[in-house]
Amino acid sequence: MAGDARLLHRSRHVTLPATSPPSTNALSWRRFGNQGVLLDFDNGEVASRWCRAINESPLDARARPGWRSVLVESTLSSGALIEAISVLPLDTGAERVANEVTIDVTYTGDDLDNVAAATSMSREEVIARHCAPTYTVVCLGFSRAFPYLSGLDPRLWLPRHDTPRVRVPSGSVAIAVDQAGIYPQTSPGGWHLLGHTNAVLFDPNRDQPSLLQPGDHVRFARLSA
């Protein structure tokens with residue numbers, strides 16, 4: 001559509017300096033609106049690192065993370081902006097001390113048995129594999145403070161439900177495709193529900209309303225039902 005053509009333009013690539021990590025040698029980008037570019041990446045953790053690098057730089061730019069993308073808004077021209085971004089130092093993540101949050105979960109989700117059947121595992125193995133990783137908050141979205149978490153065990157990767165539920169209770173701990181997440185508010189949703197947490201992910205009365213922020217690490221801990 002003509003309207004879409006004004007917003008998103010053909011992807012371009014910029015070759016980065018040889019000192020950049022191998023996974024970031026090509027920066028794929030598209031113009032977005034009049035004062036923005038959309039950077040595309042192979043995975044969410046790399047996108048998070050670029051988002052952090054841009055926001056911590058002196059550039060006249062603001063970056064917002066997506067699952068595998070970063071939207072950058074700036075008064076610079078797209079060419080000048082990409083040139084400036086491409087030479088930013090990119091941390092490896094090793095030197096950064098991430099905030100780690102443990103989420104207590106009661107594993108009584110409506111889809112737990114179905115996930116076990118679909119993955120040819122027992123309920124106990126599904127729970128163990130869900131609890132084992134340290135997840136990374138790649139971005140927040142969908143609803144206020146909904147965390148998209150990378151790090152899900154590949155054995156648990158399942159497509160979303162063909163027909164989403166009309167009502168998913170707040171605090172539902174869920175998985176879909178290669179992501180894990182938590183529903184902060186009651187809402188529709190098509191993810192597989194494994195359990196429930198009493199953690200309050202969004203509270204407008206807190207100094208930082210969202211419990212989790214991009215870049216945070218998350219562990220799930222099992223509670224007795």
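None of the figures in this text is laboratory data; all of them are computed from the coordinates on show. Given the structure is predicted, the values throughout are model-derived calculations rather than measurements. Note that we place each Cβ from the backbone using ideal geometry, even for glycine, and neighbour counts take in every protein chain shown.
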Diffing segment 28-38: the Karplus 3J(HN,Hα) column from phi (6.51, -1.76, 1.60, θ = phi - 60°), in whole Hz with x for Gly and Pro, holds 8, 8, 9, 5, 9, x, 8, 9, x, 9, 10
For LEU59, list long-range residues whose amide hydrogen, built 1.01 Å from N in the peptide plane, is under 5 Å from its own amide hydrogen.
none
Using the beta-carbon distance between ALA221 and VAL166 and R0 = 35 Å, what value does 1/(1 + (r/R0)^6) give for FRET efficiency, to the nearest 0.05?
0.70
Taking the square root of 5 times each eigenvalue of the Cα gyration tensor, what semi-axes in Å does the equivalent ellipsoid of segment 182-224 have, largest first?
19, 15, 11
Antiparallel versus total DSSP beta bridges in segment 100-223: what percent is that, nearest 5?
75
Between ARG144 and ALA80, how many nm apart are label points set 7 Å from Cα along the C-beta direction?
3.8
Estimated vicinal HN-Hα couplings, Hz - segment 191-206 in sequence order (Karplus 6.51, -1.76, 1.60; Gly, Pro = x)
8, 8, 8, 9, x, 9, 10, 8, 4, 8, 7, 9, 9, x, 8, 7
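How charged is the neighbourhood of SER120? Take every other residue with its Cβ under 14 Å from the Cβ of SER120, and add Lys/Arg as +1 and Asp/Glu as -1.
Spelling it out: positives minus negatives among the neighbours equals -1.
Assuming 0.36 nm per residue, please report the length gained on full extension of the stretch ASP207 to ALA98 beyond their Cα-Cα distance.
37.3 nm
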Check which residues have an amide H placed less than 5 Å from ARG144's amide H, if you skip close sequence neighbours.
none
Can you pull the one-decimal nm distance between simple spin-label points at ASP40 and THR134, each 7 Å off the Cα toward Cβ?
3.2
Dividing the alpha-carbon radius of gyration of segment 100-223 by 2.2 N^0.38 Å (N being the number of residues), what value is obtained?
0.97
